[in-house]
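S.K.: Quick one: this structure, given as C-alpha cells, is what I'll be asking you about.
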C-alpha cells in the first residue's frame, strides 16, 4: 500500500515496523531518554521500545522539554527510524529536526497503517509505503 | 494489490533569501540547526512565513530534564550561537547555595548547562514565571515561550502572542530572533470553538488546577474558553495555566463561553484528582510549580503567622522574587514558621525530591503532582494551600 501526498515536516527516509497508538505521548515523563522505552504504565505502549520503529501517534503533549528527550534517544541509538503524526506538533517537529528523524503529517489516513506492518517513510517524496 | 490513498495537503513556508542561506549553512552550524527547527515547526503549524519576535523564554535548563545528551548538545551549540533577542531561562535543578545531598556529578552537569547558556548571552533568570519578574511588552507582541505554564499565562492573561513552544524551538527563536507566524500568533486560533463550563462551586486554587488538567486532556484545539466559575485570582490563574500545559497541547484560555460546551462537574474533578492524588499524606511539603510569586508568599505568610510547620516545607521561587520578598520582610516571616526557600529551582523534576529519600510529598500543584508521580516516581498528597497551612502547622 502506498500512501502519497503526506505533508513533510522533517525530511529524510526511514523504515521499520509500525508502532501504532491513538494515545498522545509526553516525551519527558513517558519515555526513557536512554533506552527509548515507554515508562508510563497507563500508556498502551508501556514497555514498548521506540528503537528502529516507525512511530505512528497523534501528537506530543505536555512538557516543552520533551524535544530534548527525542534528541537524547537518537544520541543513544534507540530512536524511531521515522515518525508519522496525525497532527504534528512543535515538540515532535523540533526534536526530530535536530535528531534528524524523518517526520510526516497525515491528518486523515494514518489509521491505514496497521500495528507491526513493515513501513517505509519517504518524507521528501511525501510518501509512506506499507508492506501488507 | 497496491492501494493508493491520496490526500491533498497544501504546504508552503516561504523563507527570505537570508533565511534560505542561513538554512543552507552560510551563517554557521548553530544557525543551520536553528533554521532547520523553524522550518519543521513552521510546516507543522502551517505557517507561511517567519516573523520577528521580541522575547524568548527557553526551557531545558534543569539537568534532570535534558540529560547528558542535552548537556553535550548545548555545549556544542553555544560555541557558535548567540542570542539575537532578549532571552530568559527556566529554573535549574537546585539552589546552588543549598547543594545539600545533590550528587557532585549532578552539580557539575548543571554547571555545564548554565555555562552554555551564559556563553550564548541569556539573562540568567532561572524562573518558570518570567511574567512575574520582567516588564511585559504591549498586548499583541509576538514572543516565543517554551515552559508551558508561561506560554499559556502569556497568551491568556497578558495578551502576548506565542505558540506553545518546545525547548528547542524557543532556542531556535532565541538565536534567529524569529518564529513562525502561525497558530496562536494569529487571531483565528485565539478564539476558542470549545468551552468548558464549571458546574460546581470552586473552593480553592486546586479546583482551577484540576479544571486545567481536564481541559488539556479533552481540548484538541489551541485555545479553550472557561465559564461557570469566578474570575481566577493570580494564584488560581497560575495553577490553571500550569495544569493546562501539563496534560495537552492547548496553549491559551479565555474567560467566557464558546459554540461547543463540555461540562466540568464534580465527577470530572474527582477523576482528575484520583489520577494525580496518589497518597494521603507526605514526608515533606513542596510549594511552587509554578514558582511562587509575591501573591502566594504574602497569602501563605498570613496563613501561617504565629505557627510552625511540623514537616519540612520547601518553597520554590525565583531569586528575583525571593529578593523582593526579603526587602519587605516576607521571607523572614515565612522562615520563622520553618519554611525554607529554594531559589532558582522548582518542584517539577527537582533532584531534591527523589524516591530514595521520600515515599510521598504534599503539594498544592497539579503540574508538580503529575511530574513527581511520573518522572520522579514519588507519590503525592494533593491539597490546596490553605489546607496545607492548617493541617501541617502547629
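S.K.: Only Cα pairs under 8 Å and at least 6 apart count here; give the relative contact order of segment B:191-273 as a rounded whole percent.
M.R.: Result for segment B:191-273 is 46 percent.
S.K.: Still on this model: Provide the FRET efficiency to the nearest 0.05 for the residue B:386-residue B:312 pair, computing r from the beta carbons and using R0 = 25 Å.
M.R.: The value I calculate is 0.80.
S.K.: Can you tell me how much longer the chain between residue B:105 and residue B:257 gets when fully stretched, taken as 0.36 nm per residue apart minus their C-alpha distance, in nm with one decimal?
M.R.: 49.6 nm
S.K.: Can you tell me the FRET efficiency between residue B:281 and residue B:134 if r is taken as the Cβ-Cβ distance and R0 is 30 Å, rounded to the nearest 0.05?
M.R.: 0.20
S.K.: Pairs of Cα atoms under 8 Å, at least six residues apart: use those to get the relative contact order of segment B:68-151, whole percent.
M.R.: 40 percent
S.K.: Also, I was wondering about something else. May I ask you to compute the full-extension gain from residue B:265 to residue B:54, defined as 0.36 nm times their residue separation minus their alpha-carbon distance, rounded to one decimal in nm?
M.R.: Full extension of this stretch gives 72.0 nm more.
S.K.: To continue, here is another question. Using Cα pairs under 8 angstrom and six or more residues apart, how large is the relative contact order of chain A, in percent?
M.R.: Relative contact order for chain A comes out at 38 percent.
S.K.: Please give, to one decimal in nm, the separation of the simple spin-label points placed at residue B:193 and residue B:98, each 7 Å out from Cα toward the Cβ.
M.R.: About 4.7 nm separates the two model spin labels.
S.K.: A further question on this structure: Would you mind getting me the FRET efficiency between residue B:75 and residue A:114? Use the beta-carbon distance for r and R0 = 35 Å, nearest 0.05.
M.R.: For residue B:75 and residue A:114, the calculated efficiency is 0.25.
S.K.: Name the shape class, rounded, prolate or oblate, that the alpha-carbon gyration tensor gives for chain B, where a ≥ b ≥ c are the square roots of its eigenvalues, rounded holds for a/c under 1.5, and otherwise prolate holds if a/b is larger than b/c and oblate otherwise.
M.R.: Cα axes put chain B in the oblate bin.
S.K.: What is the spin-label model distance, in nm, from residue B:17 to residue B:123 if the labels are put 7 Å beyond Cα along the C-beta direction?
M.R.: Computed distance between label sites residue B:17 and residue B:123 equals 3.6 nm.
S.K.: Is any residue of segment B:267-308 close enough, with backbone N under 14 Å, to a label point placed 7 angstrom from the Cα of residue B:359 along the Cα-Cβ axis, and if so, which?
M.R.: Only B:278-284 fall inside the zone, counting backbone N under 14 Å.
S.K.: Using per-residue counts of other Cβ atoms within 10 Å, averaged over each peptide, order B:278-285, B:365-372, B:211-218 from highest down.
M.R.: In descending order of packing, they fall as B:365-372, B:211-218, B:278-285.
S.K.: Can you give me the distance in nm between label points at residue B:305 and residue B:112, each placed 7 Å from the Cα along the Cα-to-Cβ direction?
M.R.: It is 4.9 nm.
S.K.: While we're here: Tell me, in nm to one decimal, what length is gained between residue B:204 and residue B:294 on full extension, where the rule is 0.36 nm per residue of separation less the Cα-Cα distance?
M.R.: This chain segment gains 30.6 nm when fully extended.
Coordinate-derived values only; no laboratory data. Not measured: the values here are computed from a predicted model. Note that we place each Cβ from the backbone using ideal geometry, even for glycine, and neighbour counts take in every protein chain shown.
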